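S.K.: Sharing a structure here in structure tokens format.
The values are calculated or read from the model by the stated rules, or taken from the named source; none is laboratory data. Owing to the predicted nature of the structure, the values given are computational and were not obtained by experimental measurement. FYI the Cβ positions are ideal-geometry reconstructions off the backbone, even for glycines, and counts take in every protein chain you see.
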Amino acid sequence: MRLRDAATRWFDRWPVARQLKARDLLGRGATSASEKTQRLRPRTETADRVVRSVCPYCAVGCGQLVYVQNEQITQIEGDPDSPISRGRLCPKGSATRSLVTGERLSTVKYRRPHAREWEEIPLDRAMDMIADRIIETRRATWEDRDSRGRPLHRTLGFAHLGGATLDNEENYLLKKLYTALGALQIENQARI
């Protein structure tokens, strides 16, 4: 008898069995949610206040509702009153909370040339390696003048492809940096 009771309890935990017993064949009722799911509460429920903001990622300017509890951001959602986005956010805008609350990595995965394994190196060392390579590439590929003596002041040795996860200010500064370094191929993934 105990085996049958255990089997019945197991069967009742199975969502399809609950749907059949409750005649909820499309799974639209309470049978579609597990006990754990039913205990979940939205992060917006405990917010002390809601602050209106604008998504920082691209030039569209989608409206956001920022939910704050104890001066900490708990959730960011689209603002339905925004005439621009009408409550919708792209994946980057939906993940804006991680921009503010995410932990910044302090190490970088690096694989030496011809190596099979990755190693972790400090972020400062990785940044120095990148800077050294940019300086060396610029020095080796710099074109001061063309064949007719006209000034070029450029390098074709590296390019930059910005990411749409960067905000407008970061992309602006990157454009200025790569232009100052003499690069010509400067593009942003948001325009591609």
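S.K.: Only one of these conditions is not met by residue 97: (1) of a type in the set (Lys, Arg); (2) over 30 Å from residue 72 (Cβ atoms); (3) surrounded by 12 or more Cβ atoms within 10 Å (Cβ to Cβ). Which number is it?
M.R.: Failing condition for residue 97: (2).
S.K.: Name the single residue that is modelled with the highest pLDDT among those in the range 160-173 being farther than 21 Å from residue 139 by Cβ and more than 16 Å from the chain's Cα centre (by Cα). Quick ask: steps written out before the conclusion?
M.R.: To start, the set of residues in the range 160-173 that are farther than 21 Å from residue 139 by Cβ comprises 161-173.
With the extra rule that they be more than 16 Å from the chain's Cα centre (by Cα), the set shrinks to 161, 169, 172-173.
On the way: 161: 87, 169: 83, 172: 87, 173: 91.
Per the criteria, the residue is 173.
Residues checked against (1) loosely packed, with under 14 Cβ neighbours inside 10 Å; (2) more than 30 Å from residue 67 (Cβ to Cβ); (3) among the polar types (S, T, N, Q):
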residue	(1), (2), (3)
102	yes, no, no
107	yes, yes, yes
126	no, yes, no
139	yes, yes, no
154	no, yes, no
157	no, yes, no
166	no, no, no
169	yes, no, no
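S.K.: Go over the candidates 143, 119 one by one and state the one that is farther than 21 Å from residue 175 by Cα, in contact with a strand residue (DSSP E or B) (Cβ under 6 Å, 6 or more places away or on another chain) and not hydrophobic (A, V, I, L, M, F, W, C).
M.R.: On the way: 143 fails: farther than 21 Å from residue 175 by Cα.
Of 143, 119, the one residue that is farther than 21 Å from residue 175 by Cα, in contact with a strand residue (DSSP E or B) (Cβ under 6 Å, 6 or more places away or on another chain) and not hydrophobic (A, V, I, L, M, F, W, C) is 119.
S.K.: Among (1) more than 20 Å from the chain's Cα centre (by Cα); (2) more than 19 Å from residue 183 (Cα to Cα), where does residue 142 come up short?
M.R.: Among (1) more than 20 Å from the chain's Cα centre (by Cα); (2) more than 19 Å from residue 183 (Cα to Cα), residue 142 violates only (2).
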